[in-house]
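The values are calculated or read from the model by the stated rules, or taken from the named source; none is laboratory data. Small disclaimer: the values here were computed from a predicted structure and weren't measured. Note: ideal-geometry Cβ built from the backbone for every residue, glycine included; neighbour counts use all protein chains shown. The protein model used for the area step is the full one, side chains on, heavy atoms only, and it has no ligands, DNA or RNA in it. Shrake-Rupley method; radii C 1.70, N 1.55, O 1.52, S 1.80 Å.
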Amino acid sequence: MTGLQRLRGAPAPDDPQLAPRGPAACRALVGGVRALGDPAVLAGAAVETVWLAAHLTTWPLGLVGSGRSGAGPAYRVEHLPPVQRGMLVADVEAAGTPILLVHGIVSNRSVFTVLRRGLTRRGFSNVFAMNYSTVATDVRTAALRLADEVESVCEQTGFERIHVIGHSLGGLIARYYVTRLGGDARVHTLVTLGTPHEGTWAAYALPTRLLRQMRPGSGLMRELARPVRGCRTRFLAYWSDTDAVIVPQRSAALRHPDLATRSVRLHGAGHLTLPMLGEVVHGISTALTQLDADGSTVRRGVVPLSRRG
């Protein structure tokens, strides 16, 4: 069965939307001005600038080399650091379950350099990162590309289900794959970082097809809001209250009555910084160490998930 045949309902047209105006826009402007005096926001902006420079430096490296970190499950543990050894001994299935990283717009897998290193150091042995082009494409087309990538990872590793982590647009593509193309059969957990689940006003910057899909109220947003009864994937959405790319910032939280979701609010973090924050790496690692189907907490310290956004 092809990805197009797995569509849960016909795609909604991506109608052009009017730019935001009125009280909502005024409130967002006032909030942005007030945030300028917050020390955490100022520190976050400085960190974002540093990471932007670092990402621009490493960006060419993301175009070459392998998209995989780790070397599969280890059968000897004495040479491993204590954290990796402890995870492998405690839960070999969690350690071996593949993780696929999906970057956002105008980026590549180099944005996950810190996150990949953090996951492998914590004992996850199969970490993959895909590259895709956002030129002359849209979310639905990219979701079909992701479906092929997921099948490839499953074939390489022998696992039937994997985890996916998507930054920005990557999270939106992954959500479309999971909820509209039947990807919940393959994806156990989807983590999104700064993903415009309800659109972003920043998408009015250019009149491209891709950005039109990311506008609040677009046909794609309406399609994603449709019922997804019986979805087996659990969702963990990180969002920042000072994300300059996602406006309003709360749009990066995930709220859907049919999905098992948990949204985590961060303060002062920039959009590009999200995949590089230590608390995010730790939170993701903790959440992925439990593999129960319904997302309930089975181990102390595990991030609990519920069907509330």
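Please determine, by comparing only the residues of segment 264-288 that are assigned to a loop (DSSP other than H, G, I, E, B) and more than 15 Å from Val245 (Cα to Cα), which one is most open to solvent (accessible area, probe 1.4 Å).
Leu277
Scan segment 163-201 residue by residue and report those that are assigned to a strand (DSSP E or B), of a type in the set (A, V, I, L, M) and touching a helix residue (DSSP H, G or I) at 6+ places or on another chain (Cβ under 6 Å).
Scanning segment 163-201 gives Val164, Val187, Leu190, Val191, Leu193.
Put simply, of Glu160, Glu155, Glu78 the only residue that is more than 17 Å from the chain's Cα centre (by Cα), modelled with pLDDT under 85, surrounded by fewer than 23 Cβ atoms within 10 Å (Cβ to Cβ) and of a type outside the set (A, V, I, L, M, F, W, C) is Glu78. Within the option set Leu259, Leu172, Leu190, Leu254, being in contact with a Ser or Thr (Cβ under 7 Å, 6 or more places away or on another chain) and surrounded by fewer than 24 Cβ atoms within 10 Å (Cβ to Cβ) holds for one residue only, Leu254.
Between Gly182, Gly166, the distinction of being in contact (Cβ under 8 Å) with a residue 60 or more places away in the chain and at positive phi belongs to Gly182 only.
If we keep just the residues of segment 130-146 that are among the small types (Gly, Ala, Ser) and surrounded by fewer than 18 Cβ atoms within 10 Å (Cβ to Cβ), which is nearest to the chain's Cα centre (by Cα)?
Keep residues of segment 130-146 that are among the small types (Gly, Ala, Ser), which gives 133, 136, 142-143.
Of the ones still in play, those that are also surrounded by fewer than 18 Cβ atoms within 10 Å (Cβ to Cβ) are 133, 136.
On the way: Ser133: 17, Ala136: 22 Å.
Among those that are among the small types (Gly, Ala, Ser) and surrounded by fewer than 18 Cβ atoms within 10 Å (Cβ to Cβ), it is Ser133.
Among the residues of segment 140-160, are any within 26 Å of Ala225 (Cβ to Cβ), of a type in the set (S, T, N, Q) and without any contact (Cβ under 8 Å) to a residue 24 or more places away in the chain? Yes, some residue in segment 140-160 is within 26 Å of Ala225 (Cβ to Cβ), of a type in the set (S, T, N, Q) and without any contact (Cβ under 8 Å) to a residue 24 or more places away in the chain. Has segment 112-129 got at least one residue that is hydrophobic (A, V, I, L, M, F, W, C), over 27 Å from Gly268 (Cα atoms), open to solvent by 40 Å² or more (accessible area, probe 1.4 Å) and not in a loop (DSSP other than H, G, I, E, B)? No, segment 112-129 has no match at all.
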